[in-house]
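Heads up, the thing below is written out as structure tokens.
No lab work stands behind these numbers, since they all come straight from the coordinates. As the structure is a prediction and not an experimental result, all values here were calculated from the model. All Cβ positions, glycine included, derive from the backbone under ideal geometry; neighbour counts span all protein chains shown.
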Amino acid sequence: MWSNKRARELKERAEKVIPNGMYGHESTRLLPEEFPQFFHRAEGARLWDADGNSYIDYVCAYGPNLFGHGYAPIEEAARRQQALGDTMTGPSEIMVDLAEAFVAQVQHADWAMFCKNGTDATTMAMTLSRAHRGRKIILYATGTYHGAAPWCTPRPAGIIPEDRAAIVYYDYNDPQSLEDAFRQYDGQIAGVFATPIRHEVFVDNYEPSLEYAQTARRLCDENDALLIVDDVRAGFRLARGCSWEPLGVLPDLACFGKCIANGYPISAVLGSDKARGAAKEIFVTGSFWFSATPMAAAIETLKQIRTTDYLERTRASGDRLRAGLEAQAAAHGFSLRQTGPSVMPQMLFDDDPDFRVGYAWTVECLKRGSYIHPYHNQFISYAHDDAVIDETLAATDLAFEALKGRMGSLEPHPVLMQLLSAKAA
């Protein structure tokens with residue numbers, strides 16, 4: 001029987017000693033109250049919360065688990081390195097092995113630099129771009145997410161105009177918007193940020209047009225600016241290299257993170273020789289950036305990416321889940337909108353402007369053992385095999401049936417309504 005008694009107790013304790021009980025982590029204040037914030041363990045495609053409830057995990061730690069929680073070959077590589085040393089006075093020699101592996105794996109990459117979080121990587125790429133030709137302006141697509149530093153965080157508290165004084169916004173997937181920005185700031189643009197797909201929360205996700213990607217590449221070449229693909233979320237989920245490689249568009253810099261070590265904390269900036277000089281000049285560091293255990297996990301993860309059918313299998317699983325949900329939703333009289341690639345799908349409902357239907361459905365899924373996020377894209381891992389997908393679809397079918405019975409009594413989420421009202425104002 002599903003219960004969240006301990007989860008409520010932990011939340012009350014946390015709020016006394018941690019701001020909001022969880023900082024602003026993953027906007028947990030915007031999740032339905034039934035969603036657990038604290039977890040006890042995870043294995044494969046499943047995780048268990050503090051109350052002992054088991055879930056099939058479609059959030060995968062918001063992306064890091066590509067092969068599933070506790071994937072044995074990666075765990076063994078991490079254990080071997082941990083026994084030798086982790087955070088030492090300098091990096092382990094395997095840092096060179098990891099850099100060589102990345103350069104061999106990713107087409108545009110001639111060098112690699114390592115850090116911890118996606119925000120570290122995107123901020124490093126921004127700094128590098130400005131150092132490249134001594135310019136200030138960074139082009140940034142309106143509404144896209146590139147991290148939690150002052151120059152890019154989506155929340156305004158504590159941010160001053162000077163933090164974003166040299167950030168200029170353009171419209172994602174709009175080649176003319178990019179052309180206009182380059183014309184307006186002729187000779188001043190240091191770099192252009194682009195997410196490989198549009199994967200923001202609360203909205204449909206979609207892939208970019210070839211024209212947009214090619215225009216970004218051409219304009220950077222013509223103006224000696226650096227093209228930066230922020231592959232922190234999508235990297236290695238859409239391709240075995242940078243996510244724009246299948247388009248034939250190669251960046252100067254790519255930011256990788258999330259799943260590159262299957263849950264171990266490490267991120268990377270991968271660059272071409274064009275940006276090598278700037279990379280030599282900037283000062284970036286962190287006490288834990290050279291920790292060896294995550295690097296060992298990353299080396300093994302790259303090996304698994306090269307040698308397994310993970311990409312084909314996750315696509316097949318994602319396609320199977322998408323088809324099953326589409327049929328179920330139609331059979332129960334709902335219009336479920338599934339957008340973005342099936343390996344990291346967004347799931348929203350038509351005619352649901354305040355998200356009350358989506359919130360209620362994901363709660364019903366949760367109570368039946370499937371952790372599906374109500375407004376963030378999901379993730380499919382190598383551990384989501386046919387049996388896991390079948391079990392999920394059995395739960396979601398029951399969730400749709402339960403949702404039908406609640407349609408007359410659904411209430412919007414109060415904190416979300418405050419956020420939507422503020423945005424409208």
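Once the chain from TYR62 to ASP97 is taken as fully extended at 0.36 nm per residue, the excess over their C-alpha distance is 9.9 nm. Subtracting the Cα-Cα distance of ARG276 and ARG6 from their residue separation scaled by 0.36 nm leaves 92.1 nm.
Once both labels are positioned 7 Å from their Cα atoms along Cα-to-Cβ, the gap between ARG13 and GLU33 label points is 2.0 nm. For the pair GLU401 and PHE288, label points projected 7 Å from Cα toward Cβ lie 4.5 nm apart.
If you take the Cα centroid of the stretch 97-147 and the Cα centroid of the stretch 250-276, the two points sit 6 Å apart. If R0 is taken as 22 Å, the Cβ-Cβ distance between LYS136 and ASP186 corresponds to a FRET efficiency of 0.95. Counting only DSSP beta bridges with both residues in the stretch 72-307, the antiparallel share comes to about 40 percent.
Projecting the Cα atoms of HIS132, ALA121, ASN65 onto the dipole axis of the stretch 60-183, where Lys and Arg carry +1 and Asp and Glu carry -1 at the beta carbon, places HIS132 farthest toward the positive end. For the stretch 72-307, the Cβ-based charge dipole about the Cα centre amounts to some 360 debye (Lys, Arg positive; Asp, Glu negative; other atoms uncharged). Percent of Cα pairs in the stretch 72-307 per distance bin of 10 Å, from zero to the largest separation: 8, 33, 36, 18, 5, 0. With K and R counted +1 and D and E -1, the other residues having a Cβ less than 9 Å from that of GLY286 yield a net charge of 0. Too long at a 30 Å Cα-Cα cut-off: which of LYS5/LYS404; LYS258/LYS404; LYS280/LYS303; LYS11/LYS116; LYS274/LYS303; LYS116/LYS423? Long pairs (Cα-Cα over 30 Å): LYS258/LYS404; LYS116/LYS423. Shown in residue order for the stretch 355-365 are the 3J(HN,Hα) couplings computed by the Karplus curve 6.51 cos²θ - 1.76 cosθ + 1.60 at θ = phi - 60°: 6, 5, 5, x, 4, 5, 5, 5, 5, 5, 5 Hz (x for Gly and Pro).
Convex hull volume of the Cα atoms of the chain, normalised per residue: 155 Å³.
Once the chain from ASN20 to ASP386 is taken as fully extended at 0.36 nm per residue, the excess over their C-alpha distance is 127.9 nm.
Backbone N atoms of the stretch 239-254 closer than 20 Å to the 7 Å Cα→Cβ label point of SER209 belong to residues 244-250.
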